[in-house]
1. Assuming a ≥ b ≥ c are the square roots of the Cα gyration tensor eigenvalues, decide whether the stretch 265-437 counts as rounded (a/c under 1.5), prolate (otherwise, with a/b larger than b/c) or oblate.
2. Compare the peptides 142-153, 200-211 by average per-residue count of other Cβ atoms within 10 angstrom and give them in order, highest first.
3. Between rounded, prolate and oblate, where does the stretch 112-268 land on the alpha carbon gyration tensor, with a ≥ b ≥ c its root eigenvalues, rounded for a/c under 1.5, else prolate if a/b exceeds b/c?
4. Could you give the length gained on full extension between residue 272 and residue 432, defined as 0.36 nm per residue of separation minus the Cα-Cα distance, in nm?
5. Sort 280-287, 111-118, 190-197, 296-303 by packing, meaning the average of other beta carbons within 10 Å per residue, with the highest value first.
6. Spin-label point model (7 Å from Cα, Cβ direction): what's the residue 279 to residue 200 distance in nm?
7. How would you rank 167, 422, going from fewest to most other Cβ atoms within 10 Å of each one's own Cβ?
8. Testing the spin-label approximation: label points 7 Å from Cα along Cα→Cβ at residue 356 and residue 265. State their distance in nm.
């Protein structure tokens, strides 16, 4: 049984090595940006070519992490990435920051594409403003990106993922953004893409220019697979922007998997009903015990956590054409991920089940809280090791961890999760706990060779 968090797991920059973000999924290019390096301006297209591009791709491109197949917008990095065209392509989920060996500024007609310098206040403010404008337009009612967290992400990311970030600028104003998350220990064929275009600057060739830049950059990095995400409204649910879906389709990105994004309004959850479900689950779990912690895993469980993180790339159901490959986790990677989250101000609520007789870690569940966010939290991975299934451990883990969150942060109202549409077992647990469908997330992928 597996769940995925969107954005993303090592939220949001490394949610799953490209892939099953958690599918929230992970990526890894080796492009190291020297933040204070010199800019080399390359004129890569003539005005005539640019006009042609404008005629052909008249949409603007435009949210995670990798494996959060089980339950994550992110098993990938924690929050999920989205191909919200008309506004953006998001990667999730969790996400990383740009660092390159050579900082380049590419000028396409009147559009500049340049790496983000964390010390350039105007550039960073424009980047964050564009992200928030895109979220408000494309996903009305959903939480906006946290400015404090975005600034921290520019400075800190997991060692297992390489990140590059760029903005598109016209006449000094930021009008679009790119993020590449690239796993560097596994899934080295993959780039998780996040592409966003400001709503006021769409359908003018910005998204097309950013995507063409991305595909050239992927080839330079030796990566042949680009993965992004798009949002689709559900019948009877809120209406979200579908331009990302259409933009991806027009540019040759195929839907290779899909998940349902569910949200739990904790003010509507009945404690008595949860208590009944929890007690009934424990009746089937003799010989197991619950262990909980915030942020840092106990030493005696860290190897087990590494094993379960690897299983998040193989156990949850995923589309046959989704090119996410097995991940490599060890104790050092777990510790680095924890350190990164703590340094970025994230709080990770964790519950695990241990088989008493063997001492084996049988399952785990994780919820992430971002700095500056007072209403929303993100369910990341939930998984039970195969030989320990059938004891209702998934229900125990989910309810116990939700209670842990509420003890620490009682004002949090919403918890978000993502599940593959075929993951009936985890969906049943989530529905019983009060999660209700919000929208469908599409994983869109393009093979470059």
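1. rounded
2. For the peptides 142-153, 200-211, the packing ranking is 200-211, 142-153.
3. Rounded shape, in that the Cα axes give a/c under 1.5.
4. Answer, rounded to one decimal: 56.3 nm.
5. Highest-to-lowest ranking by the protection proxy: 190-197, 111-118, 296-303, 280-287.
6. Here the modelled spin labels are 5.8 nm apart.
7. 422, 167
8. 4.1
Laboratory data are not the source of any read-out in this text; all were calculated from the coordinates shown. Since this is a predicted model, take the numbers as computed values, not measurements. When we count neighbours, we look across all protein chains shown, and the Cβ atoms used for this are built from the backbone with ideal geometry, even at glycine.
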